[in-house]
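Visitor: My questions all concern the structure below.
The values are calculated or read from the model by the stated rules, or taken from the named source; none is laboratory data. This is a predicted model, so every value here is computed, not measured. Please note: Cβ atoms are built from the backbone with ideal geometry, for glycine as well, and neighbour counts cover all protein chains shown. For accessibility, only protein heavy atoms count, side chains too; no ligands or nucleic acids. Shrake-Rupley method; radii C 1.70, N 1.55, O 1.52, S 1.80 Å.
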Amino acid sequence: MNRAAEVLGFLRGRRDHVSGAFMASRLNITRTAVWKVLKQLEQMGYTFERLKGRGYRLTGSPDRLYPWEVGRHLDTKFVGRELIYRDSVDSTNGVAFELALAGCAEGTCVVAEAQSAGRGRLQRTWHSPYGKNLYLSCVLRPALHPSEVHPLTFISSLAVYDTLASEGLEPRLKWPNDVLIDGRKVSGTLIELSCEADRVRFVVIGIGLNVNMADMNAEIADKATSLLIVSRKPFERTRICGMLLGNLERYYEMVRSQGVGRVCRSWEERAGIRGAYMEITQMGRTYRGVSEGIDSDGAVLLREKGAVTRVIAGDVST
Ligand code: BT5
């Protein structure tokens, strides 16, 4: 689709028409080939005005996460530089995992308009309606021990946090993987990994972010929200996606240069978790206590009656 991106590049942001002959000569292809690309673009939802003797003018772009559209908002070195777009998939994490197994480059990302089997942690479902939100998975190959992977969840939550904050929103981080607005979940992260005994082969970071979703199914209606709901206006998903990938790369670079402990500190500060009373349920057992923060593995330290318990995973109810 490079040709399509190039043709769009000629047409975008211009008030006047651009002739087929001009584009053909600049791209070194025939006018028929240009016409074919324009037809293809029309099938993808782009609209053009054609004026005889003058050429083409772009009149509309579809609300789709096409790589060249996200690419306009991308300012990264490697994250999202290879961006695989799918209309609908079972799970972007599944597609990314397969790509990683096949040896794709670090930073390769998969985005989809919908997921038929979007997943959360512990076999839970991630509600993934078509064309509304972001379902994004990124392949990373960190030089970490498998036990150090858990805090990578934080780079995703922090990236979402910064993206939303820079849009003037007031997100809140909830351990371990949620971002909330107005007390409702707007984003979640699912990390999946492939490793050897003492070495990570790759990690897939899967991020779901509710952008323009207005209707929710009964299961999540009272606990989820979206950027549209909290701001009462739609957001350009390609722009949000580009910003998110930029922030993700920045936090990943932080891990590479300063280690996972540094990211844990950043997350802890943003989450304001120290001193908060928490109840965490893990495998049917509930831990209660006052948080003493996050350790360098990403676990919560809970103090109760003088004893400190380390909780590595679970769901926070308070
Ligand atoms: C998560 O799990 O929060 C991880 C979600 C990760 C989703 C992304 S989308 C791209 C990539 N591909 C995938 O297949 N997954 C990742 P957890 O903490 O277990 O939360 C799951 C719970 O959140 C569900 O049981 C629901 O209660 C709720 N939920 C489901 N869909 C939601 C949505 N769209 N918005 C907010 N909450 C939702």
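Visitor: Given springs between every Cα pair under 10 Å in a Gaussian network model of the chain, which of LEU58, LEU152, LEU245 has the largest fluctuation?
Guide: LEU58
Visitor: Moving on. Once you place label points 7 Å from the Cα toward the Cβ at ARG3 and ASP87, how far apart are they in nm?
Guide: So the label points at ARG3 and ASP87 sit 2.0 nm apart.
Visitor: Can you bin segment 164-318 into rounded, prolate or oblate? Criterion: square roots of the alpha carbon gyration tensor eigenvalues sorted a ≥ b ≥ c, rounded for a/c under 1.5, prolate for a/b above b/c, oblate for the rest.
Guide: Cα axes put segment 164-318 in the oblate bin.
Visitor: Here is a follow-up. ALA102 versus ARG172, label points 7 Å from Cα toward the beta carbon: distance in nm?
Guide: Placing both labels 7 Å beyond Cα along the Cβ direction yields 4.3 nm.
Visitor: Determine the dipole magnitude for segment 3-60: charges of +1 sit on the beta-carbon of Lys and Arg, -1 on that of Asp and Glu, nothing else is charged, the reference point is the Cα centre, and the result goes in debye to the nearest 20.
Guide: Taking the Cα centre of segment 3-60 as origin, the dipole is about 140 debye.
Visitor: While we're here: Normalising by the residue count of the chain, find the relative contact order in percent from Cα pairs under 8 Å and 6+ residues apart.
Guide: Across the chain, relative contact order equals 13 percent.
Visitor: Farthest toward the dipole's positive end in the chain, which of GLY306, LEU164, TYR85, given Cβ charges of +1 (Lys, Arg) and -1 (Asp, Glu) about the Cα centre?
Guide: TYR85
Visitor: How much length would be gained if the chain were fully extended between GLN40 and ARG15, taking 0.36 nm per residue of separation minus their Cα-Cα distance, in nm to one decimal?
Guide: Contour length minus the Cα-Cα distance gives 6.8 nm.
Visitor: Oh, and also: How big is the equivalent ellipsoid of the chain along its three axes, where each semi-axis is √(5λ) from the Cα gyration tensor, reported in whole Å from largest to smallest?
Guide: Its equivalent ellipsoid spans semi-axes of 42, 21, 16 Å.
Visitor: Which of rounded, prolate or oblate describes segment 3-60 when judged by the alpha-carbon gyration tensor and an a/c cut-off of 1.5?
Guide: It comes out rounded by the Cα gyration axes.
Visitor: Under the √(5λ) rule applied to the eigenvalues of the Cα gyration tensor, what semi-axes describe the equivalent ellipsoid of segment 274-317? Give them in Å, descending.
Guide: 14, 12, 9
Visitor: Rounded to the nearest 10 Å², what accessible area does LEU248 show when all protein chains are kept and the probe is 1.4 Å?
Guide: About 0 Å², rounded to the nearest 10.
Visitor: For the chain, what are the DSSP H helices with axial Cα length of 15 Å or more and mean Kyte-Doolittle hydropathy of at least 0.0?
Guide: Both cut-offs are met by 152-166.
Visitor: With runs of 4+ DSSP H residues as the only contributors, calculate the mean residue ellipticity of the chain at 222 nm using -39,500 (n - 2.57) per run, divided by the residue total and rounded to the nearest 500.
Guide: -9500 deg cm²/dmol
Visitor: Can you tell me the length gained on complete extension of the stretch ARG232 to TYR130, counting 0.36 nm per residue apart and subtracting the Cα distance?
Guide: Full extension of this stretch gives 34.8 nm more.
Visitor: Determine, for each peptide in 190-198, 104-112, the mean count of other beta carbons within 10 angstrom over its residues, then list the peptides with the highest first.
Guide: 104-112, 190-198
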